[in-house]
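Read the figures in this text as sums done on the coordinates, not as results from a lab. Only a predicted model underlies this, so the values are computations on that prediction, with no experimental measurement involved. Heads up, the Cβs are rebuilt from the backbone with ideal geometry, glycines too, and the neighbour counts pull from every protein chain shown.
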Amino acid sequence: MTYDNIKNESYARADITPPGGNPFPHKHLLGIWGLDPAEIKYLLDCADHYADSNRQSGKNTKTLAGLTQINLFFENSTRTLMSFEIAGKRLGMDTISMSTSTSSIKKGETLLDTALTLNAMRPDVLVIRHGDSGAVELLSRKVDCAVINAGDGRHEHPTQALLDALTIRRRKGHLNGLTVAICGDVTHSRVARSNIWLLSAMGARVRLVAPPTLLPVNATSMGVEVYHDMTAGLAGADVVMMLRLQQERMSGAFLPSLREYYKFWGLTHEKLSVAKDDVLVMHPGPMNRGVEIASDVADDIDRSAIQEQVEMGVSVRMACLDILTRKQREEEVGP
Ligand code: NCD
């Protein structure tokens, strides 16, 4: 079953309008699900441009000067929060990050009241991370500005999938036809879900490689191939994407022990030897070295693209901020 089949059979998202003259006709970026390949390509092309300019000395611009970005993170983050901040600043935005540990959330203010309070300050973009699947979409219906989902529960993490795709595309030249093995804790991973939708939409073959306890029950209906063995799952792969074992989202026993997990599912050079010679190793971070990935694989400069993923994170987030504020910037300038 292809991405298009699945998309058409399931619900059509309310905030998605069909592509027309505007290459990205969406107010928000809530997920990859529902985006067209042309829209994904548009985001990646724009991010690619920023990736090049970010390597130049004059990389700071005033493109979005005068606009305000608020980052509202209800879950911990290093890479995503920092790169959203840097992306906004690099485009000249006023960027503010709200720490939920020092805000009125600690005094019992609800998620919705917090969002409405921030909305009243008239930001142009709200970047939200929340532990509940669907929370970001709910908030997007209540505020006036553009909303970017920086990860909601196990649901989606669209900018991570975009930065992963950009990293692959810059290394391999294309996404179409590549075999990508996504390995490990798929059940708890929003990164996996967004990547499955994006890579399938762009014509890659996606394999999920995990023990049955760490795979969602509907895995086979997601248009992917499922493997319960690393050797079979990694054979001939162009890209191996490792996932963190998300113990904070686990209640009960999903695995016997970390040692056993590493033995069967941890990525080592030996397990990787069945993949293509030029295989790309990826991990969204934060990494558990010695649990899902061996240190010497993570640090292998010939194969690991993990630091490049972080670099591409800034470019992708610049592209998202730029594209989602274009309409309002055009309106302000007038015809
Ligand atoms: C991921 C996340 O938060 O979903 N991290 C990230 O954004 N780079 C993956 C993870 O936490 O394991």
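Observations, loosely collected:
- Any hit, segment 101-120, residues being part of a loop (DSSP other than H, G, I, E, B) and either within 16 Å of the ligand (Cβ to nearest atom) or in contact (Cβ under 8 Å) with a residue 24 or more places away in the chain (or both): no
- Filter result for V191 (within 16 Å of the ligand (Cβ to nearest atom), in contact with a Pro (Cβ under 8 Å, 6 or more places away or on another chain) and free of Cβ contacts under 8 Å to residues at least 60 places away in the same chain): no
- When segment 206-217 is filtered for residues that are over 24 Å from I306 (Cβ atoms) and either of a type in the set (K, R) or in a loop (DSSP other than H, G, I, E, B) (or both), the ones remaining, listed by number, are P216, V217.
- Of everything listed in (1) farther than 24 Å from Y42 by Cβ; (2) crowded, with 20+ Cβ neighbours inside 10 Å; (3) of a type outside the set (F, W, Y), the single unmet condition for K142 is (2).
- Some residue of segment 66-79 being part of a helix (DSSP H, G or I), within 16 Å of the ligand (Cβ to nearest atom) and surrounded by fewer than 17 Cβ atoms within 10 Å (Cβ to Cβ): yes
- Residue in segment 141-151 that is among the β-branched types (V, I, T), under 28 Å from A275 (Cα atoms), away from the ligand (no atom under 16 Å from the Cβ) and not in a helix (DSSP H, G or I) present: no
- Annotation note: of R193, R249, the sole residue that is surrounded by 23 or more Cβ atoms within 10 Å (Cβ to Cβ) and over 15 Å from M282 (Cα atoms) is R193.
- Scanning segment 211-239 for residues that are within 24 Å of T268 (Cβ to Cβ) and within 16 Å of the ligand (Cβ to nearest atom) yields one hit, L214.
- Taking the criterion of being within 12 Å of the ligand (Cβ to nearest atom) and not in a helix (DSSP H, G or I), the residues of segment 153-181 that qualify are G153, R154, H155, E156, H157.
- Residue that is more than 15 Å from V281 (Cα to Cα) and either within 15 Å of the chain's Cα centre (by Cα) or touching a residue at least 12 places away in the same chain (Cβ under 8 Å) (or both), where the choices are G177, G173, G184: G177
- Listed by position, the helices (runs of 4 or more DSSP H) contained in segment 218-335 that have at least 3 residues being among the acidic types (D, E) and without any contact (Cβ under 8 Å) to a residue 12 or more places away in the chain are 306-333.
- Single match in R317, R303, R329 (criterion: among the basic types (K, R), touching a strand residue (DSSP E or B) at 6+ places or on another chain (Cβ under 7 Å) and within 25 Å of N54 (Cα to Cα)): R303
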